[in-house]
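Notes follow the structure.
The values are calculated or read from the model by the stated rules, or taken from the named source; none is laboratory data. If you're wondering where the values come from, they're calculated on a predicted model, not measured in any experiment. Positions of Cβ are generated from backbone atoms using ideal geometry, with glycine treated the same way; all protein chains shown enter the neighbour counts. When the accessible area is computed, the model is the full protein with side chains, heavy atoms only, and any ligands, DNA or RNA have been set aside. Shrake-Rupley method; radii C 1.70, N 1.55, O 1.52, S 1.80 Å.
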Amino acid sequence: MANGIDRGLSADWPYPRLVAHRCGGTLVPENTLAGFDACVRYGYRMVEFDAKLSADNQIFLLHDDKLDRTTNGHGAAVEHMWQQLAALDAGAWHGPQFAGTRLPTLADAAQRCARDRIAANVEIKPCPGREVLTGTLVAQGTLTLWQGQTPPLLSSFSFEALAAARDAAPSLQRGMLFEEVPADWLRIVRELDCVSLHASHRYLSEPLVAQIREAGLRVLAYTVNDPARAQLLAQWGVDMICTDRIDKLQHDMLSAPASPA
Ligand code: G3P
Ligand code: MG
């Protein structure tokens, strides 16, 4: 295995302990460039965001399949051309001070990562039925756009999308996303040659974190907003903590990063 489990934890892990969920958590409109400003303000060095395709295959940042919750558009994102999506307001829903905020492309996010020296966890979030194409294009786009920067960590809840990403850009590191970690997690991460396993912190326990790390994988826990819970997860050896509250969770409140196996 070129990448991942057999390589051990000490190889290529350039990521900090704390990761800002959806760019800047809940302080600013999610999955927008305003999140990078918030990260700079609070000393965050890594963002997670959700990437999907428009009808004409532009890669852009949005969490939901639909536009309605976080933009002034309506309906399925996948039915819109990028020109239509680029005209939407993706900030006013969060507060009037963010009116006029646009949906960013993957290229916009890469530029901000470079400018602000911020690492990225690019979550491949395909619209239904577009898993393989989204995995392929996001992986290829990431490889091209992040040249000369810390390579992003790719992740997805979609096995098909992550398999396509592996085939399109095998050199990029991958993490499999679960809500609750299934019994056959080891088979899945092996098949995808993952370096990390990402799970809801609600379903993690100290023995499970130990098992995952003993298999040579890193662990990302989401979405952790309580400092005491973050401290406990860090003590268990969780490698990355993804949070909405970048104003409450700071690196110096966590124990030293878990040492490599
Ligand atoms: O990658 C961690 C987290 O972003 C997964 O959940 O639904 O916020 O994309 P979601
Ligand atoms: Mg996400």
**Message:** With the requirement that a residue be among the aliphatic types (A, V, I, L, M), under 17 Å from TRP146 (Cα atoms) and either in a loop (DSSP other than H, G, I, E, B) or away from ligand 2 (no atom under 16 Å from the Cβ) (or both), what does the stretch 159-179 give you?
**Reply:** ALA168, ALA169, LEU172
**Prompt:** Any residue at all in the stretch 128-144 that is open to solvent by 50 Å² or more (accessible area, probe 1.4 Å), within 16 Å of the chain's Cα centre (by Cα) and not charged (D, E, K, R)?
**Reply:** yes
**Request:** Could you list, in sequence order, all residues of the stretch 24-34 that are open to solvent by less than 10 Å² (accessible area, probe 1.4 Å), more than 10 Å from ligand 2 (Cβ to nearest atom) and either over 15 Å from the mean Cα position of the chain (by Cα) or at positive phi (or both)?
**Result:** GLY25, VAL28, PRO29
**Asked** Do we find a residue being open to solvent by 30 Å² or more (accessible area, probe 1.4 Å), under 16 Å from the mean Cα position of the chain (by Cα) and more than 18 Å from LYS52 (Cβ to Cβ) anywhere in the stretch 145-164?
**Response** yes
**Message:** Based on this model, can you work out whether GLY75 counts as of a type in the set (Gly, Ala, Ser), without any contact (Cβ under 8 Å) to a residue 12 or more places away in the chain and open to solvent by less than 50 Å² (accessible area, probe 1.4 Å)?
**Reply:** yes
**Request:** Look through the stretch 96-109, keep the residues that are among the hydrophobic types (A, V, I, L, M, F, W, C) and in contact (Cβ under 8 Å) with a residue 60 or more places away in the chain, and return whichever of them is most open to solvent (accessible area, probe 1.4 Å).
**Result:** PHE98
**Request:** For the stretch 47-68, state whether one or more residues are under 24 Å from ALA199 (Cβ atoms), polar (S, T, N, Q) and away from ligand 1 (no atom under 14 Å from the Cβ).
**Result:** no
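One line per residue, one yes/no per condition, for (1) assigned to a loop (DSSP other than H, G, I, E, B); (2) under 23 Å from ALA164 (Cβ atoms); (3) of a type in the set (Val, Ile, Thr); (4) in contact (Cβ under 8 Å) with a residue 40 or more places away in the chain:
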| residue | (1), (2), (3), (4) |
| --- | --- |
| ASN57 | yes, yes, no, yes |
| PHE60 | no, yes, no, yes |
| ASP68 | yes, no, no, no |
| GLN84 | no, no, no, no |
| HIS94 | yes, no, no, yes |
| GLN111 | no, no, no, no |
| PRO128 | yes, yes, no, yes |
**Request:** Return the only residue of ALA199, ALA210 being open to solvent by less than 50 Å² (accessible area, probe 1.4 Å) and either closer than 24 Å to VAL47 by Cβ or touching a helix residue (DSSP H, G or I) at 6+ places or on another chain (Cβ under 7 Å) (or both).
**Result:** ALA199
**Message:** Given the options LEU186, LEU233, LEU192, name the one that is under 23 Å from PRO151 (Cα atoms), among the hydrophobic types (A, V, I, L, M, F, W, C) and in contact (Cβ under 8 Å) with a residue 12 or more places away in the chain.
**Reply:** LEU192
